[in-house]
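For reference, the structure discussed in these notes is given below.
The values are calculated or read from the model by the stated rules, or taken from the named source; none is laboratory data. This structure is a prediction, so every number in the text was calculated from the model and none was measured. Cβ atoms come from the backbone with ideal geometry, glycine included; neighbour counts cover every protein chain shown. Ligands, DNA and RNA are excluded from the accessible area calculation, which covers all protein heavy atoms including side chains. Shrake-Rupley method; radii C 1.70, N 1.55, O 1.52, S 1.80 Å.
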Amino acid sequence: MSNSDLIQQFQLIFNTNAMPRMFFAPGRINLIGEHTDYNGGHVLPASISFGTYALTQPRDDERVSFYSLNFPQTGIIECELSDLTYNPLHDWANYPKGMIKYMRESGMDIKTGMNILFFGTIPNGAGLSSSASIEMVTGVLLEGSYNLAINRRQMILLGQKVENEYIGVNSGIMDQFAIGKGKKDHAILLNCQTLEYQYAPIQLEKYVILIINTNKQRTLMNSQYNTRRAQCEQALTDLQAFLPIQSLGELTIEQFEQHKHFIKDEINLKRAKHAVYENERTLKALHQLQQGKLDAFGRLMNESHLSLQQDYEVTGLELDTIVQAAWEQTGVIGARMTGAGFGGCAIAIVEKDMVESFMENVNKTYTKAVGYEASFYKATIADGAREIMDGVV
Ligand code: GLA
């Protein structure tokens, strides 16, 4: 959909001739560092060109009207600034509502209502952070429309608060951070304990990053996500009786191996093992990327998948079939699930010339095993959340 199509839709739906402002927040992939963010470890995500567009115009009254071109069946969803409490009937609109509520509660001067039209190009429930994307696009549109003095870090933390306290998913900081701070052609190495970060250029030369969607949708609310987090917290509590640590991310592999017998439950021990090893793998992977050693980077991606399969147990038939099939193709240097898991997407680094045969072969194997097809998209690493003036990218 083009810029002018979106403007036309806005004017039609909200019955106005006014020219709306237009904002965009991307989705993200995570190259490596999975389920490490809420364990105080490192992640290496990148924002992508798929994302959420939001067109908006302040109103004279205190009403907020939301409409999504992706969910026309829910129609216009409305609320008043004076009542921004979570409402199950408001469905997807709870994400922007939560953001408006928390921005206001943190002292931002949002005194009038607004009309907002959303249009998302991220497949929903695919693990590419459509929810953080709608939170962050709401953040930048409020910042722009009401001229708010909010820094990015604060906006990112409010996005996470929406997820944790308003929606009820105990997710970490990775998604909002990647989307809020994304940079074209760069991944972000983020220390999730301190929020220190650095950009790492992604120079793939003859390779591309492919996103492979299992088309198995899931929401984190109805997944085992919160359980995994609780298991890691229990493992940390067991270790804290003997070690002065605040998070699993502080442990080296050696320290973990020396002290792991203090973790009482065998399952919790496996979860903690993944968190510690994955954190070290992420730092190694950054190093390999910086040295231009893509083969070594790819091998670490593969190890990451195996750890998520065997120790963290968040992969499942769909992701395992896809990743296994990807590993077997010529011209592939690495493949793994990306995001929370339980379905959703995998990523693979594939030689440009081999992309066609890769897609055909992987899809064939996948369809045979699962009964429906996978989808493939080329990942373009693009800038983070922002106002856009010059049309739809
Ligand atoms: C989801 C969460 C993130 C992170 C990943 C797993 O995307 O929102 O905070 O925990 O899963 O790495």
Which is the longest part of the chain that has none of the GluC sites (Glu not before Pro) sitting in a DSSP loop with at most 15 other Cβ atoms within 10 Å? 63-195
Rank Thr52, Thr282, Thr252 by mean-square fluctuation in a GNM of the chain with C-alpha springs under 10 angstrom and give only the top-ranked residue. Thr252
Pop out the ³J(HN,Hα) list for the stretch 377-387 in order, Karplus 6.51 cos²θ - 1.76 cosθ + 1.60 with θ = phi - 60°, rounded to Hz; leave Gly and Pro as x. 9, 7, 7, 10, 7, 10, 5, x, 4, 6, 7
Scoring the chain by relative contact order with C-alpha pairs under 8 Å, at least six apart, yields a percentage of 24 percent
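First select every other residue whose beta carbon is under 13 angstrom from the beta carbon of Pro201; then total the charges, Lys and Arg +1, Asp and Glu -1.
Numbers: positive: Lys183, Lys184; negative: Asp185, Glu205.
Taking every other residue near Pro201 into account, the sum is 0.
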Thr252-Thr219 pseudo-label distance in nm [points 7 Å out on the Cα-to-Cβ vector]: 4.4 nm
Rh by Kirkwood over Cα pairs, then Stokes-Einstein D for the stretch 145-213 at 1.002 mPa s and 20 °C, µm²/s: 152 µm²/s
Which whole number of Å³ per residue matches the convex hull of the alpha-carbon atoms in the stretch 207-379? 117 Å³
Net charge near Tyr366: determine it from the other residues with C-beta under 15 Å of the C-beta of Tyr366, scoring Lys and Arg +1 and Asp and Glu -1. -2
With a 1.4 Å probe and all protein chains kept in place, how much accessible area does Met359 have, in Å² rounded to the nearest 10? 50 Å²
Write down the Å³ per residue value for the convex hull defined by the alpha carbon atoms of the stretch 311-351. 62 Å³
Sticking with the crude label model, points 7 Å out along Cα→Cβ, report the distance from His259 to Asp91 in nm, one decimal please. 4.8 nm
List, in the order given, every pair from Lys184/Lys378; Lys216/Lys284; Lys101/Lys216; Lys181/Lys273; Lys161/Lys181 whose Cα-Cα distance in the structure shown is over 20 Å. Lys216/Lys284; Lys101/Lys216; Lys181/Lys273
Between Rg and the Kirkwood Rh of the stretch 33-155, both from Cα atoms, what is the Rg to Rh ratio? 0.98
Relative to the chain, whose Cα atoms define the longest principal axis, helix 130-145 and its Cα axis are tilted in degrees, nearest 10, by 40 degrees
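Give the value in nm², to one decimal: projected area of the alpha carbon convex hull of the chain, averaged over all directions. Spell out each step's value before the answer.
Working: hull surface 77.7 nm².
Its average projected convex-hull area is 19.4 nm².
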For the stretch 104-162, what is one quarter of the convex hull surface built on the Cα atoms, given in nm²? 4.6 nm²
Rolling a 1.4 Å sphere over the protein heavy atoms, what is the accessible area per residue of the chain, to the nearest Å²? 41 Å²
Only Cα pairs under 8 Å and at least 6 apart count here; give the relative contact order of the stretch 309-383 as a rounded whole percent. 27 percent
For the chain, what % of the accessible area comes from carbon and sulfur atoms, probe 1.4 Å? 47 percent
Using θ = phi - 60° and Karplus 6.51 cos²θ - 1.76 cosθ + 1.60, couplings along the stretch 361-375 (whole Hz; Gly, Pro as x): 5, 5, 5, 4, 4, 5, 4, 5, 7, 10, x, 9, 7, 9, 10
For Gln11, the net charge from surrounding residues (Cβ-Cβ under 15 Å; K, R +1; D, E -1) works out to +1
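Rounded to the nearest 5, what % of DSSP beta bridges with both residues in the chain are antiparallel?
Details: 47 of 52 bridges.
Of those bridges, close to 90 percent are antiparallel.
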